[in-house]
Ligand code: PEP
Ligand code: MN
């Protein structure tokens, strides 16, 4: 870019989806405190992820990105994290088996705390308060005190991200080791009923162990890596976590390996695009059905001017009903202009519906249909369908309807634990991965 970038150059642009902090002094003290904290991820790891994503862009590998819609301070326990890491590992194994290609794994975790909201305020019984914007900003309880933006929450989010990353590093190693022991019977015992998914998992485990993929220590390292990512909404936090790498002369956001720009903050003239264009991390860009080809090319020019493979992942979230009409033209535009990108499918955000009780859900069939159409469109356009971006958990929640175990609309309130949007449960996540793996194999 011809014009100057600095970690705070976003401040001169319009910044959407950001809270107003009443106590500027407290905000500045927090930012100052974060600037002297250790990085949450190393620059070497971040670069390694970028080179692995370059292999996805080249059509030699797949991406699996998944985790909570929003992490929370109160709903954070080791068992939950263990189940999510194990599920990501199982999904990745299923995809490897179908595609016979490596799978790059990225969690929506260790920093996924800030949420863009469609309304700035929320009204209940005639009382209007600021919207909940994620635990890094305010509290979900409906009171003025809870909804005031509190800068010290950024320090709490930093601390929780550090301990989450620490546990993920350890869990991902043992999840892979456990995989050899986990046959159909273990899977079924854990779930309490027989499931065709279990048989498929045994087959996968047997294949991986026969191929030496689990036993080889060198390969095990690469196979078990789970990188971190989040929506870079709260720029005060991201700026304060930005570090200079003297070796390359580049800046990196040390709050996560990968950052993405949400659908509501991707205006090319505004603050979020300005901040992310200047850091060396791999970045993602959400693409809805409303995004046109010219706007997309403009964003690619700003975010990846050197056309570096692995730098930019386009995360398509158009909805099962719109993807076949909208996606082909975008893929054609990007291809004909010779832009190296990873194409990924977020089949969650375009398929949200509201139940009569007011709860948000997503039907598994619509989620699967969008993912499946994504693969078909990319193949028919001669491009590589790079992978999946999911809101999911390893736990047996009932937030999304459908799937083999048939979560009905009436069951949705039973185990609805998400801090924001509805997630696929462990079984639905695996079912999706296996369905996609079968599609790739066919
Ligand atoms: C999200 O990924 O949680 C999100 C808010 O997505 P989008 O910006 O695509 O709506
Ligand atoms: Mn979401």
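Any read-out appearing in this document is the output of simple, stated calculations on the displayed coordinates, not a laboratory observation. Just so you know, these numbers come straight off a predicted model, no measurement behind them. A quick note on method: Cβ atoms are made from the backbone with ideal geometry, for glycine too, and the neighbour counts reach across all protein chains shown.
Give me Rg/Rg_expected for the range 310-404, where Rg uses Cα atoms only and Rg_expected = 2.2 N^0.38 Å with N residues.
The range 310-404 yields a ratio of 1.18.
Which semi-axis lengths, in whole Å and largest first, follow from the square roots of five times the eigenvalues of the Cα gyration tensor of the range 1-112? Could you put the intermediate results ahead of the total?
Working: eigenvalues 225, 97, 34 Å².
Semi-axes (√(5λ), whole Å): 34, 22, 13.
Where does the range 236-302 land on Rg/Rh, using Cα atoms and the Kirkwood Rh?
Over the Cα atoms of the range 236-302, Rg/Rh equals 1.00.
Over the chain, with a Gaussian network built from C-alpha contacts below 10 Å, which listed residue (130, 151, 309) shows the highest mean-square fluctuation?
Comparing 130, 151, 309 in the GNM, the peak value goes to 130.
At 0.36 nm per residue, and after removing the present C-alpha to C-alpha distance, how many nm does the segment from residue 357 to residue 379 gain when stretched out fully?
Difference between extended and current length: 4.0 nm.
Would you calculate the separation in nanometres between label points at residue 79 and residue 141, each defined as 7 Å from the Cα along the Cα-to-beta-carbon direction?
In this crude label model, residue 79 to residue 141 measures out at 2.5 nm.
What distance in nm lies between label points placed 7 Å from Cα along the C-beta direction at residue 414 and residue 128?
Those two pseudo-labels are separated by 4.1 nm.
Taking the chain as a Gaussian network, Cα atoms linked when under 10 Å apart, which of 397, 316, 127 shows the biggest mean-square fluctuation?
127
With label points built 7 Å along Cα→Cβ from the Cα atoms of residue 306 and residue 289, find their separation and express it in nm.
Distance between the two pseudo-spin positions: 3.8 nm.
Once all Cα-Cα distances of the range 283-355 are split into 5 Å bins that start at 0, what whole-number percent is in each one?
3, 16, 29, 25, 14, 7, 3, 1, 1, 0
Which percent, to the nearest 5, of DSSP beta bridges fully inside the range 288-432 are antiparallel? The partial results should precede the final answer.
Values: 3 of 12 bridges.
Taking every DSSP beta bridge within the range 288-432, about 25 percent pair in antiparallel fashion.
Per the helix-only calculation at 222 nm, which mean residue ellipticity applies to the chain, given -39500 (n - 2.57) for every DSSP H run of n ≥ 4 and division by its residues, nearest 500 deg cm²/dmol?
Counting only the DSSP helices, I get -13000 deg cm²/dmol.
Using only the C-alpha atoms of the range 103-180, find the volume of their convex hull and express it per residue in Å³.
On the way: hull volume 9.8 nm³, N = 78.
About 126 Å³ per residue, rounded to a whole number.
Taking the range 374-428, how much of its Cα-Cα pair set, in percent, is spaced more than 17 angstrom apart?
Values: 691 of 1485 pairs.
When every Cα pair of the range 374-428 is considered, 47 percent fall beyond 17 Å.
Checking a compactness column here: for the chain, what do you get for Rg(Cα) / (2.2 N^0.38 Å), N being the number of residues?
That ratio works out to 0.94.
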